[in-house]
Amino acid sequence: MCAKHSYALAAIQAVGTAEVGIDPQTAAVAILMGIRDYFVRFPESRVSEIHLIASTLNMYEDYLNVFKLRRRTLSQLNSYELTMFGKSVKLILGDITDETADAIVNITNTELNNKHGVSGAIFLAAGDSVTEECSRIGPIPNDDGFVITGGGNLKCEKIIHIIGPKKTALIITAVEKILQVCEQHQLSTVVIPAIGTGNVLVDVYSSISAMLDAIEKHLSYSPQSSLQEIRIIAFTQYVYQGFISVFERKNAKGVINKTIRHTNVKLKLGNITDETADAIVNINDRTWRKSSGISGELLAAAGESVIEECSHIDCKATIAVTEAGNLKSKKIIHVLASKLIAESVENVLQKCEALTLSSVAFPALGTGGHGLEPQITITLILDGIEKHLAKHPQSFLEEICVVTFCEDVYMDYSEVLQNRFKDPQEINDANIQISPPEYWADMVIDDKVKKITLLVDSEEYRNIARNFIQTSDNTDIRIVKIERIQNLTLWRSYSIRKIQVDKKNPYRVNERHLYHGTSADAIRKINHHGFNRSFCGKNGTKHGFGTYFARDASYSCHSVYAAPDENKYKYVYQALVITGEYCAGQESYIEPPYIGEDPSADQYDSVVNSVHDPIAFVVFNDSSAYPEYLITFTR
């Protein structure tokens with residue numbers, strides 16, 4: 001409102017009293033976060049000064065304490081860490097100007113004079129010396145260039161200034177450039193702001209995914225990296241929460257083990273040069289000293305003694321064994337690159353038997369120069385392993401490891417491996433013990449459906465009401481009541497379906513709380529029998545012939561979906577929905593498409609209006625949604 005009227009100064013009454021039910025400390029934190037979020041979203045705002053007015057001395061002291069503590073503790077309280085190739089990658093919610101590191105990255109403009117947003121905060125905190133140094137240096141030479149200055153008043157040796165990328169692909173390029181600069185200057189710690197999110201140029205999920213992909217790629221190719229810690233700073237709670245979800249998914253990826261006969265087959269995301277297996281497999285060329293790709297990295301890590309040994313390998317050979325040099329393994333088995341992947345795997349394993357080795361580590365064969373699809377290459381690798389172990393029931397090999405440094409390849413390999421060797425305890429509906437949620441009211445055997453009207457002052461009611469109103473975009477809504485729907489039969493079907501999807505997609509957020517508007521005459525049917533696809537088409541089939549749910553209540557509150565009854569009451573369900581892995585929908589879909597072109601493959605679990613920013617979800621399995629709460633409201 002102040003910006004709308006071009007006001008430069010704003011005065012805000014400090015709140016926080018028993019009467020409004022908010023303590024001053026909580027209010028102070030909320031106000032600080034709100035102010036910070038505003039200036040990140042609107043860096044061009046005319047508002048230049050904000051005064052907070054405390055009505056009492058006690059309130060003033062409470063606010064002052066929060067202001068002092070906030071800068072010191074924010075990074076400690078809001079951080080998340082994962083490890084990539086032995087290096088620490090941290091996500092921190094905080095102020096980048098408070099960080100201590102060898103280098104801080106400034107995402108700025110070509111002229112090195114951006115005074116807005118995070119860049120403006122960095123220039124302000126760094127002081128006049130950095131501003132003057134930037135003026136002397138002049139513009140950044142080109143779009144992918146950079147400039148390095150001293151740290152000024154910041155707690156860093158250097159500031160790396162780089163032009164802000166406007167696309168996801170350019171974020172990857174920018175981060176790779178930043179890390180290369182760090183290596184050139186032998187820096188051990190670097191702090192990078194959330195790239196691309198300040199002016200909402202890139203959604204938060206694409207931004208952090210691109211940043212992590214670039215970091216992962218750089219570290220995988222730089223086993224001797226000088227970098228020990230990379231920090232990513234999120235300036236707002238919204239960006240931090242979006243980044244956290246990607247961090248957690250990335251951190252969930254570990255090791256998958258499957259047993260074939262008596263041998264453990266392991267899939268691993270990592271760098272093959274770190275492996276401790278008895279032998280590491282190197283996919284080489286006719287020179288036996290390939291200097292590019294994984295082979296080049298492996299030979300460089302092994303050292304000159306191995307490269308020298310490779311120079312004596314017979315050029316007519318198809319497989320050879322050398323010592324491992326500086327690697328942690330005992331041997332390196334070199335094999336010529338070939339599209340005959342299964343045969344190559346068999347040859348390597350046969351060599352392991354001859355050397356009585358108990359473990360071997362393969363890279364992702366065929367995904368480099370041959371450019372084969374990961375699903376095909378892992379299938380051929382597993383074919384070779386199975387054929388060999390079938391011929392050698394008393395194999396010396398106790399463990400066969402497949403190592404990939406690329407997350408996308410890992411995910412494709414993981415899916416094929418999980419589906420090919422399913423656990424012996426397959427899901428048996430009859431044997432699964434499904435318990436109702438602990439917060440449900442007691443039910444007797446004869447209770448098919450029980451409706452529990454929530455107490456207005458209960459936390460359960462407040463949470464549901466708050467989310468509903470916040471996403472309805474309408475302050476005129478008046479909630480009449482919220483009912484919890486307890487249907488043991490539907491809950492059991494839904495829970496079994498969720499177990500199946502969680503098993504299929506172990507690294508996804510498979511369940512969401514979504515909204516579904518309905519009419520009064522459909523409520524009894526939904527409460528007793530769930531969301532039925534036979535009613536699809538009543539309000540359109542733009543994305544397919546399924547049951548539609550919305551991320552935001554505003555969509556479901558529309559009278560087209562939530563038709564008012566004779567009392568002008570409207571009805572919207574807050575449902576639990578299994579969205580799993582999804583793709584863009586089409587009007588012709590009567591079921592989700594297959595993942596890939598193979599009809600024997602899995603199908604997507606749902607379809608959406610937009611894969612990049614889904615607000616409408618469509619499911620085609622009646623057990624994929626549970627009508628958890630019925631919200632009755634009016635305007």
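Structure values in brief
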item	result
Rounded to whole Å, sorted largest first: equivalent-ellipsoid semi-axes of the range 207-311, Cα gyration tensor	33, 21, 10
Global geometry of the range 307-348, whether rounded, prolate or oblate, following the gyration tensor of its Cα atoms and the 1.5 cut on a/c	oblate
Whole-Hz couplings from phi, Karplus 6.51/-1.76/1.60, listed for the range 623-635; x for Gly and Pro	8, 7, 9, 10, x, 6, 9, 10, 9, 9, 8, 9, 10
Over the range 87-190, equivalent-ellipsoid semi-axes from the Cα gyration tensor in Å	19, 17, 14
Per-residue HN-Hα couplings for the range 114-120 [Karplus 6.51, -1.76, 1.60; θ = phi - 60°; Hz; x = Gly/Pro]	5, 9, 10, x, 5, 4, x
Pairs beyond 30 Å (Cα-Cα), from LYS391/LYS498; LYS167/LYS504; LYS90/LYS331; LYS504/LYS570; LYS330/LYS391; LYS217/LYS330	LYS391/LYS498; LYS167/LYS504; LYS90/LYS331; LYS504/LYS570
Amide proton proximity set for ALA234, modelled H, under 5 Å, gap of 5+	ILE92, LEU93, GLY94
Hz values of 3J(HN,Hα) by residue in the range 448-455 - Karplus curve (6.51, -1.76, 1.60), Gly and Pro given as x	6, 9, 10, 9, 10, 7, 6, 6
Long-range HN-HN contacts of LEU336 with modeled amide H, under 5 Å	ASN284
Cα-based reach from LYS328 at 20 Å (exclusive), listing lysines while leaving out same-chain residues under 8 positions away	LYS87, LYS266, LYS268, LYS351
Measure of compaction for the range 450-634 (Cα Rg per 2.2 N^0.38 Å)	1.02
The range 550-597 - convex hull of the alpha-carbon atoms, volume per residue in Å³	116 Å³
Sequence of CYS406, CYS310 once ranked by neighbouring C-beta atoms within 10 Å, starting from the fewest	CYS406, CYS310
Long-range HN-HN contacts of ASP602 with modeled amide H, under 5 Å	ILE595
Neighbour cut-off at most 16 other Cβ (10 Å), DSSP loop, GluC sites (Glu not before Pro), the range 343-420	GLU398
Footprinting exposure proxy for VAL560, VAL191, VAL181, VAL204 (fewest neighbouring C-beta atoms within 10 Å first)	VAL560, VAL181, VAL204, VAL191
Ratio Rg/Rh, restricted to the range 255-420 and using Cα atoms, in which Rh is the Kirkwood radius	0.93
Viscosity 1.567 mPa s, temperature 4 °C, Stokes-Einstein D of the range 78-252 from Kirkwood C-alpha radius, µm²/s	81 µm²/s
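Only the coordinates and a few stated rules stand behind these numbers; no lab work does. Keep in mind the model is a prediction, meaning the values are calculated, not measured. As a convention, Cβ positions derive from the backbone with ideal geometry for all residues, glycine included, and neighbour counts pool all protein chains shown.
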